[in-house]
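Following: one structure in structure tokens, then a few remarks.
The values are calculated or read from the model by the stated rules, or taken from the named source; none is laboratory data. Every value quoted in this text rests on a predicted model; they were computed, and no experiment measured them. Cβ coordinates were reconstructed from backbone atoms using ideal geometry, including for glycine residues, and neighbour counts include every protein chain displayed.
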Amino acid sequence: MNEISCQFLVIGAGPGGYVAAIRAGQLGLDTVVVDDRKPGGTCLNIGCIPSKALIHAADEYFLMKEASEAKAIPGITAGAPSLDWPAVVGWKDGIVNRLNNGVTGLFKKARVKLVEGRARFIDGKTVIVTGETGEQRISAQTVVIATGSEPVELAALPFGGKVISSAEALSLAAPPQRLAVVGGGYIGVELGTAFAKLGSNVTVVEASDEILPLYDADLVKPVRQRLAHLGVAVMTGAKAQGLAGETSDLLVETSDGEERRIPCDTVLVTVGRRPVTEGWGREELVLDMDGPFIRTDETRRTAMRGVYAIGDVAGEPMLAHKAMAEGEMVAEIAAGHRRAFDHRAIPAICFTDPEIVSVGLSPADAKAQGIETTLGRFPFQASGRAMTLSREDGFVRVVARADNHLVLGIQAVGSGVSELSAAFSLALEMGACLEDVAGTIHAHPTLSESFQEAALGALGKALHV
Ligand code: FAD
Ligand code: NAD
């Protein structure tokens, strides 16, 4: 068996693992990263990137369709758009390929060795990697577990046949005519919206009282209104029971205990993801667990010296940018820097229509912590830029301490607000007060002015509303 040793070994080349490896290589550590898929992990191959490509393609198609029905900007009409689905999927795959190659190139540039295969620990410093060319034994001073997450399967709806996970949904042969989505969270609503825009008849079945239960009712309302406009049926408080034998309709128990049948060609199950903590020899290590996740401290060190865990396997939120931040940090720690995960806020964006952004505390979070707050809210209906973009639904909301005006959280819902997340996060990281945001000149006309206006509103000095 081929044997190699290195200073820094990363298991999994997703956003957590590949960033850790690149940074470690840049810092001069002899680094090896192992993955049996193309580099980029869930996010690049079957997650963030391909889903956002399809969401954008669906947006473009839908805009053209609206124009063809004279529902766009007055004066603009067009012929009915046509959909060459294999070409759309090919375009999406091309983006993924370019980014796979980009990560491989960054590994080369940072002198990181990529080993293709599946890793299995035999002790806290050693793994055996099984790949197409046989087995390799790799030992290291520092090991990073970045094995990510996988979709949760429902016992009543096992994956296979017409029951698919998000991975298959991104590479379907054609948009389904009738799509049932089980789970109205991030993936279900993002992809359900995209398929509705592409012409699918979509039903979302959500077990909670409201879709996107992570966000408060005010933020979800504009998304619900848009789903209704797109003809998406939403069933809340509803539980999927399985497929009916003869018709393979989706069987659903409604909130009032009735059974409903939803005729469908495809059932997309998006009821959450679980960390990948099995199948790589965890039993050979002495790790503490935190529920389904590997327990780590603020440096992402596990219970074993020299063994770190980052990204989806190490806890919520299961988001790519959180994994990347942890990856960069553990590499720097391994190179001797003093670092700790001490971020004030991790932004969350839901790429629905309209988009939702949340950074820091919501009004309810602040209340639960016993903090007295002052709120400012600016509706896009009062924004000149929103009018010129022909989308006036949504708002920006700022949550600040009542006593010293320190900004605690910022939320927004609206078309294109994902790009405001950087300004929101920066304000929180920099410890901005309402006066800082209100006193910053924001360019006109932009959606970002709504952030300034929300801060002015919280100070009782609103100008445009
Ligand atoms: P992963 O990306 O899951 O990577 C883990 C890697 O480890 C995989 O490549 C796997 O092959 C490898 N691996 C596992 N076990 C082994 C082993 N034994 N040996 C070798 N390799 C192994 N997040 C966002 O922030 N924004 C979004 O817009 C977004 N959209 C998403 C859309 C979808 C449809 C999905 C499914 C997820 C989305 N996410 C999004 C979540 C995001 O993909 C994850 O949070 C992120 O990928 C986590 O990164 P990670 O490095 O922890 O793990
Ligand atoms: P999720 O946790 O966002 O949503 C799951 C939904 O399914 C919840 O609303 C839950 O109430 C519902 N549910 C659970 N069991 C159910 C059942 N039996 N029947 C009906 N509904 C049920 O999970 P997801 O959409 O699968 O996404 C997984 C994770 O991936 C997310 O939590 C997030 O961390 C990440 N992600 C992020 C983005 C983004 O950042 N834009 C996009 C996609 C995915």
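All but one of (1) of a type in the set (A, V, I, L, M, F, W, C); (2) assigned to a loop (DSSP other than H, G, I, E, B); (3) buried (at least 16 other Cβ atoms within 10 Å of the Cβ) hold for residue 268; state the number of the condition that does not hold.
(2) is the only condition that residue 268 fails.
If we scan the range 38-49, do we find a residue that is at pLDDT 95 or above and of a type in the set (S, T, N, Q)?
Start the filter on the range 38-49 by keeping residues that are at pLDDT 95 or above, which leaves 38-49.
Filter again for of a type in the set (S, T, N, Q), leaving 42, 45.
Yes: the range 38-49 contains one or more residues that are at pLDDT 95 or above and of a type in the set (S, T, N, Q).
Going by what's in this entry, would residue 202 be described as surrounded by 24 or more Cβ atoms within 10 Å (Cβ to Cβ), more than 16 Å from the chain's Cα centre (by Cα), at pLDDT 95 or above and more than 14 Å from ligand 2 (Cβ to nearest atom)? Step through it out loud before you land on a result.
Working: surrounded by 24 or more Cβ atoms within 10 Å (Cβ to Cβ): yes; more than 16 Å from the chain's Cα centre (by Cα): yes; at pLDDT 95 or above: yes; more than 14 Å from ligand 2 (Cβ to nearest atom): yes.
Taking the combined requirement at face value, the residue satisfies it.
Taking the condition at pLDDT 95 or above and either within 11 Å of ligand 2 (Cβ to nearest atom) or not assigned by TED's automatic domain parsing to the domain that holds residue 429 (or both), does residue 362 pass? Show your work before the answer.
Values: at pLDDT 95 or above: yes; either within 11 Å of ligand 2 (Cβ to nearest atom) or not assigned by TED's automatic domain parsing to the domain that holds residue 429 (or both): no.
Spelling it out, it is not the case that residue 362 is at pLDDT 95 or above and either within 11 Å of ligand 2 (Cβ to nearest atom) or not assigned by TED's automatic domain parsing to the domain that holds residue 429 (or both).
With the structure loaded, tell me whether residue 374 is among the hydroxyl-bearing types (Ser, Thr, Tyr), in a loop (DSSP other than H, G, I, E, B) and at pLDDT 95 or above or whether it fails that test.
Values: among the hydroxyl-bearing types (Ser, Thr, Tyr): yes; in a loop (DSSP other than H, G, I, E, B): no; at pLDDT 95 or above: yes.
Considered against the rule, which asks whether it is among the hydroxyl-bearing types (Ser, Thr, Tyr), in a loop (DSSP other than H, G, I, E, B) and at pLDDT 95 or above, residue 374 comes out as no.
Which residue, of 112, 129, is within 20 Å of residue 38 (Cβ to Cβ), in contact with a strand residue (DSSP E or B) (Cβ under 7 Å, 6 or more places away or on another chain) and more than 14 Å from ligand 1 (Cβ to nearest atom)?
112
Could you check the range 306-324 and list, in sequence order, the residues that are surrounded by 23 or more Cβ atoms within 10 Å (Cβ to Cβ) and of a type outside the set (A, V, I, L, M)?
308, 311, 312, 322
With respect to residue 152, determine if the residue is surrounded by fewer than 16 Cβ atoms within 10 Å (Cβ to Cβ) and in contact with a strand residue (DSSP E or B) (Cβ under 8 Å, 6 or more places away or on another chain). Reasoning before the result, please.
Working: surrounded by fewer than 16 Cβ atoms within 10 Å (Cβ to Cβ): yes; in contact with a strand residue (DSSP E or B) (Cβ under 8 Å, 6 or more places away or on another chain): yes.
Yes: the conditions hold for residue 152.
I'm told residue 347 meets every condition in (1) surrounded by 15 or more Cβ atoms within 10 Å (Cβ to Cβ); (2) within 14 Å of ligand 2 (Cβ to nearest atom); (3) free of Cβ contacts under 8 Å to residues at least 40 places away in the same chain except one. Can you identify the failing condition by its number?
Failed condition: (3).
Yes or no: the range 72-92 includes at least one residue that is in contact (Cβ under 8 Å) with a residue 60 or more places away in the chain and within 24 Å of the chain's Cα centre (by Cα).
Yes.
From 392, 453, which residue is under 29 Å from the mean Cα position of the chain (by Cα), in a loop (DSSP other than H, G, I, E, B) and more than 30 Å from residue 325 (Cα to Cα)? Full working, then the answer.
On the way: 453 fails: in a loop (DSSP other than H, G, I, E, B).
Only one candidate qualifies: 392.
For every residue, the table says whether it meets (1) over 20 Å from the mean Cα position of the chain (by Cα); (2) away from ligand 2 (no atom under 14 Å from the Cβ); (3) assigned to a helix (DSSP H, G or I); (4) at pLDDT below 95.
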residue	(1), (2), (3), (4)
296	yes, yes, no, no
312	no, no, yes, no
324	no, no, yes, no
332	yes, yes, yes, no
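Give the range 205-221 a look and list any residue that's small (Gly, Ala, Ser) and more than 9 Å from ligand 2 (Cβ to nearest atom), or say none. Spell out the reasoning first.
Going through the range 205-221, the residues small (Gly, Ala, Ser) turn out to be 207-208, 217.
Correct list: 217 only.
Write out, first by first residue and then by second, each pair whose Cβ atoms fall under 8 Å of each other, whose residues are 6+ apart or on separate chains, and whose first residue, in the range 309-324, is over 13 Å from residue 18 (Cβ atoms) and in contact (Cβ under 8 Å) with a residue 24 or more places away in the chain while the second is charged (D, E, K, R) and within 11 Å of ligand 2 (Cβ to nearest atom).
These pairs meet every condition: 312/273; 318/273; 318/312.
How many residues are buried (at least 20 other Cβ atoms within 10 Å of the Cβ) and assigned to a strand (DSSP E or B) if we restrict to the range 155-185?
7
From the list 13, 87, exactly one residue is more than 16 Å from ligand 2 (Cβ to nearest atom) and assigned to a loop (DSSP other than H, G, I, E, B). Which is it?
Numbers: 87 fails: assigned to a loop (DSSP other than H, G, I, E, B).
On inspection, the qualifying residue turns out to be 13.
Does the range 416-424 contain any residue that is of a type in the set (D, E, K, R) and crowded, with 21+ Cβ neighbours inside 10 Å? Break it down stepwise before answering.
Restricting attention to the range 416-424, the residues satisfying the condition of being of a type in the set (D, E, K, R) are 419.
With the extra rule that they be crowded, with 21+ Cβ neighbours inside 10 Å, the set shrinks to none.
No, the conditions are met nowhere in the range 416-424.
Here's a check for you: in the range 212-227, which residue that is part of a loop (DSSP other than H, G, I, E, B) and within 16 Å of ligand 1 (Cβ to nearest atom) is surrounded by the fewest Cβ atoms within 10 Å (Cβ to Cβ)?
Among residues in the range 212-227 that are part of a loop (DSSP other than H, G, I, E, B) and within 16 Å of ligand 1 (Cβ to nearest atom), the one surrounded by the fewest Cβ atoms within 10 Å (Cβ to Cβ) is 214.
Please find, within the range 100-154, the residue that is farthest from residue 15 (Cα to Cα) out of those that are assigned to a loop (DSSP other than H, G, I, E, B) and touching a Phe, Trp or Tyr at 6+ places or on another chain (Cβ under 7 Å).
Of the residues in the range 100-154, the ones assigned to a loop (DSSP other than H, G, I, E, B) are 110-111, 117, 124-125, 132-133, 146-148, 152-153.
Narrowing further to those that are touching a Phe, Trp or Tyr at 6+ places or on another chain (Cβ under 7 Å): 147, 153.
Details: 147: 10, 153: 23 Å.
Here the answer is 153.
Got at least one residue in the range 39-55 being in a loop (DSSP other than H, G, I, E, B), in contact with a strand residue (DSSP E or B) (Cβ under 9 Å, 6 or more places away or on another chain) and either away from ligand 2 (no atom under 16 Å from the Cβ) or assigned by TED's automatic domain parsing to the domain that holds residue 191 (or both)?
At the first step, the residues of the range 39-55 found to be in a loop (DSSP other than H, G, I, E, B) are 39-40, 47.
Narrowing further to those that are in contact with a strand residue (DSSP E or B) (Cβ under 9 Å, 6 or more places away or on another chain): 39.
Imposing the further condition that a residue be either away from ligand 2 (no atom under 16 Å from the Cβ) or assigned by TED's automatic domain parsing to the domain that holds residue 191 (or both) reduces the set to 39.
Yes, the conditions are met somewhere in the range 39-55.
Residue 278 is checked against (1) within 13 Å of ligand 1 (Cβ to nearest atom); (2) in contact (Cβ under 8 Å) with a residue 40 or more places away in the chain; (3) of a type outside the set (A, V, I, L, M, F, W, C) and fails just one. What number does that condition carry?
(2)
Might you check whether a residue that is of a type in the set (Asp, Glu) and part of a strand (DSSP E or B) occurs anywhere in the range 271-291? First the steps, then the outcome.
First pass over the range 271-291, keeping only residues of a type in the set (Asp, Glu): 278, 283-284, 288, 290.
Retained after the next criterion (residues that are part of a strand (DSSP E or B)): 290.
Checked against the condition, which is being of a type in the set (Asp, Glu) and part of a strand (DSSP E or B), the range 271-291 yields at least one hit.
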